[in-house]
Structures are given as structure tokens and as C-alpha cells.
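Heads up: the structure comes next, in C-alpha cells.
The values are calculated or read from the model by the stated rules, or taken from the named source; none is laboratory data. Predicted, not measured: the structure shown is a model, and the values here were computed from it. FYI the Cβ positions are ideal-geometry reconstructions off the backbone, even for glycines, and counts take in every protein chain you see. Each accessible area value is taken on the protein alone, full model and side chains, heavy atoms only, with ligands, DNA and RNA left out. Shrake-Rupley method; radii C 1.70, N 1.55, O 1.52, S 1.80 Å.
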Amino acid sequence: MDAITQAAGQLAERIEALGQVTDTPGALTRTFLSPANLAAAAMVSRWMEELGMTVEHDAGGTIRGILAGTAGDLPPLLLGSHLDTVIDAGKYDGALGVLTALAALQVTGPLPFPVHVLGFSDEEGVRFHATYLGSRACVGQLGTEAMEIRDFAGVSLAEALGKEGWNEGATRFSYEDSACLAYVELHIEQGRVLEELGEAVCGVSAICGQSRLAVGLIGQADHAGTTPMEIRRDALAGAAACILAAERCGRSDPLLVATVGKLDLRPGASNAIPGEVKFTLDFRHPDDACRERLLGELLAEFEAIAADRGLKLAWDLVQANPAVPCDPGLTERLLDAIELVTGGRRLLPSGAGHDAVMMATAMPVAMVFVRCRDGLSHHPDEYASPDDMAAGLRVLVGFLQDISKS
Ligand code: HGY
Ligand code: MN
Ligand code: MN
């Protein structure tokens, strides 16, 4: 059995093993700094050590394995992805990128340049709704305002990190001022284009920009049985009007997506009119100016809905990230490797966000997508076939061997 086939078999086994590490038995959930998040980091650390890597833990929960280079002091190449998941997740989103990087190094062995494989602690932003916390920490982007972000239980990021030892003396990965070759991330496509095209792997042209907001509506809680409809200030009915406005806005531009993924209300009794609602808004478009213009229009509509219903509206822009182009030169080298494996040179934009967005603030980035069944992701039925995972591995191995020559 050749080295790649063997490594591909082990990769499939490790995806299954890591997919069992969860905070919620019966479903896959690993959120920022949760016990399962830390256990997943420990499991991957052991696999990194088996490869002869030096393993380090960042105080923000991210791990990295370093495989020393063979040719003196060349700048490192970074590979990896995230180890956290959404709620009731699939087992490939994030994990496939980290584990394929390890599998590729198992095949290539040490390269002329050092390779850092990163397993980021939080890319999804489930706990704080602010995304990329792991990679942001690694490029010095967790400023004081980020530290004040609070999760739905009211715990600040500073408190959560402090509990994990995030302090002046702690190990902190900091790539913002270090000259790295690049950051290259392999990830499932999380879309259905590759499946429709019948292709297993492709390159990525750019990653969509996104805005993440926390929206609040305050009305008046009251008795469901004795309060006439015309005098109510029902915060949930107002939120429903806003959510349908967001859907209409999303449908107004073929490249726009608008999603309300989380909603909480108070008091939450079946016989009490909701007096307070909080919901999230995830708003994305490949063109930053369009995204900002359309978001402004939607927020103006929220204001009008609130005014019409006698509700108080408040919203907070939790995070906004611009669209990020992938490095053309690196992407060409990846396409060369893809062509050798699949015969194609397909490039797709990414509607999903990735840690490459934050790493791009410090170095050139490039991405590889692997086909996933029905394009399904952020769902327990997310699936990439062993053959497609092996194709992604062959591309990464070919790419590493190619750039090792120059
Ligand atoms: O939300 C996203 O785009 C990514 O899966 N975190
Ligand atoms: Mn992901
Ligand atoms: Mn995801």
C-alpha cells in the first residue's frame, strides 16, 4: 500500500475519532474553550507528536504542531483550520483541514521550510457570536473591545480567556509581525457546486465579506388574555417582521445572504406577551460596498418597524470582515496540483468564512475545497467521501512537494 493510500486511510479513521469528541452526547458540538474543545486539541496534539512535531498550546485554546525544516532558517508555511464546531455539527467542517495537513506531512516528511499546523480554538463564533477568535488571537486582532464581547450568559471574552490562563506570561502565538511563507487551508466546500460539476476538489478565488449583528427589541410584557391587540407592544411580533424583512432583503440581490440563526425572548411564558427579544443577523456579500449599503437599508427598515409598533430597537455590530482575495500566485500552484489529481483547474468563491480571513491580515493565503455531499454543512449529515478526502490529500501533498522545489 503506498504512503498516500495509507495516510488517507488513517485520515478517514481520525475524522471518525475526532467526530466523537463532543460536549453533547448524541450530537457533535465543540464550542470555544469547552471541555470537548480542549479534549479535541489534546487528541490532535497527540497525533502531532506522533509525527515528530513540537506541539504548543496558545492561551486562546489554539494548538500548533511545528515540523522543523531541513534547510536552515526559511520562513514557515502555515497549514490548518479550526477544531471547534457549530451546534449539532458535521465532523468535517474544520477538522478535515487540520487532519489532512497532518496526513500530508506524514507522506512528505520534513520539507525545506518549517511547517506549522494550526488547530484554531474558535472559528464558528457560536459562543460569542464573534467569529475567528482563535485565528484573531494568533494575528494580534483580539483588541480590548473584543475582550468586552459577552456570551449569552454574560461572560466576557476576557473572563473566559483569563480562566484558561490568557495573561501576559502565557504562550501566545503571534504571527502578525513574523514573515511566514503563507497560510494554506483545506476545507469542505459547504456548497453544492463541486457535486453539480462532478469534481472532487477546487481552488478558492476569494472569501465573502460578512457582518454579524446582535439586534434587540424591547416592547411591553403583559397578560396574553387581557391585553387588547391594538395596544400591545409585542417584541416577538416585531422581531418576526424584522426577520421577514431580512429574508426579503436577502432575496433582493442574488449574491446576498441574510440569516437570523439565533433568537432569545423574555419572559417566555405561553400566556405572557413577549416584552424583549434578542436575535442575531448574519449578512454576507462578495462585494463589501454592496454589503454595507444593503445592510444600511435593512437597518432603516428595522427602525421603521420598531417605530410603527412602539418598540425600542438597539443593534450592535459584533463583527464585520471584508471580503478576502486568495493569493493568485499560491492559487496557481494549488491549481497545478489539482490539475494533476483531477484534471481540472476549477476556482470557486467561498460564501463561508474561514480562518484564512484573519490570517490574511498577516500573510498571503490560499484555500482548497473538497466536495461534500449535497453541499450540506453545519448539519450532522455533513459528509465527504474517503475518495474525495484522498483527492484533497493528494492535492496538498503535490502542492507541498511543488513549492519545496522552489
Ligand atoms: O459561518 C461560516 O461561514 C463559517 O462556517 N464559520
Ligand atoms: Mn469551517
Ligand atoms: Mn463552519
With every protein chain left in place, what is the accessible area of residue 159 in Å² (1.4 Å probe, nearest 10)? 90
Tell me the per residue accessible area of the chain using a 1.4 Å probe; a whole number in Å² is fine. 42
Starting at the first residue of segment 398-405, write each ³J(HN,Hα) from the Karplus equation 6.51 cos²θ - 1.76 cosθ + 1.60 with θ = phi - 60°, in whole Hz, x for Gly and Pro. x, 5, 5, 5, 5, 6, 6, 7
Carbon-plus-sulfur fraction of the accessible area of segment 116-198, 1.4 Å probe, in percent? 46
With a point put 7 Å past each Cα toward its Cβ, work out how far residue 387 is from residue 226 in nm, to one decimal. 6.9
Please say if segment 142-221 is rounded, prolate or oblate, where rounded means a/c under 1.5 for a ≥ b ≥ c the square roots of the C-alpha gyration tensor eigenvalues, and otherwise the choice is prolate for a/b larger than b/c and oblate otherwise? oblate
Per DSSP H run of at least 4 residues, take -39500 (n - 2.57); add these up for the chain, divide by its residues and hand me the 222 nm value, nearest 500 deg cm²/dmol. -11000 deg cm²/dmol
What angle, in degrees between 0 and 90 and rounded to the nearest 10, separates the Cα long axis of helix 328-342 from the longest principal axis of the Cα atoms of the chain? 70
Which far-off residues, 5 or more places away or on another chain, put their amide H under 5 Å from the one on residue 139, with H placed in the peptide plane? 175
Can you tell me the 0 to 90 degree angle between the C-alpha axis of helix 288-308 and the longest principal axis of the chain, rounded to 10? 20
One would report the antiparallel percent of DSSP beta bridges in the chain, rounded to the nearest 5, as 70
With the cut-off at 1.5 for a/c, could you classify segment 124-168 from its C-alpha gyration tensor as rounded, prolate or oblate? oblate
Report the one residue of 113, 351, 96 whose Cα lies farthest in the direction of the positive end of the charge dipole of the chain (charges on C-beta: Lys and Arg +1, Asp and Glu -1; origin at the Cα centre). 351
Residue among 25, 52, 38 farthest towards the positive dipole end of segment 14-59, charges placed on Cβ: 25
Out of 374, 151, 316, a Gaussian network model of the chain with alpha-carbon springs under 10 Å gives the largest mean-square fluctuation to 316
Accessible area in the full protein assembly, largest first, 1.4 Å probe, for 334, 74: 74, 334
Heavy-atom accessible area ranking, 1.4 Å probe, most first, across 263, 396: 263, 396
Which percent of the accessible area of segment 209-321 is formed by carbon and sulfur heavy atoms (probe 1.4 angstrom)? 54
Tell me which of 125, 200, 326 sits at the most positive position along the dipole axis of the chain, charges placed on C-beta atoms (Lys, Arg +1; Asp, Glu -1). 125
By a straight-distance test (C-alpha under 17 Å), which lysines pair with residue 262 as possible cross-link partners, with residues fewer than eight away in the same chain excluded? 278
On a 0 to 90° scale, report how tilted helix 95-108 is relative to the longest principal axis of the chain, with both axes built from alpha carbons and the result rounded to the nearest 10. 10
Distance-filtered residues of segment 86-106 - backbone nitrogen under 19 Å, label point 7 angstrom along residue 74 Cα→Cβ: 101-106
Averaging sequence separations of C-alpha pairs under 8 Å and six or more residues apart, then dividing by the length of segment 209-321, give the relative contact order as a whole percent. 45
Normalised contact order of the chain, rounded percent, pairs of Cα under 8 Å and 6 or more residues apart: 22
Unit charges on C-beta of K, R, D, E only; dipole of the chain, Debye: 300
Can you tell me how segment 97-200 classifies by the Cα gyration tensor, rounded, prolate or oblate, using a/c under 1.5 as the rounded cut? oblate
Tell me the label-point distance for the pair residue 307, residue 51, using the 7 Å Cα-to-Cβ offset, in nm and rounded to one decimal. 5.7
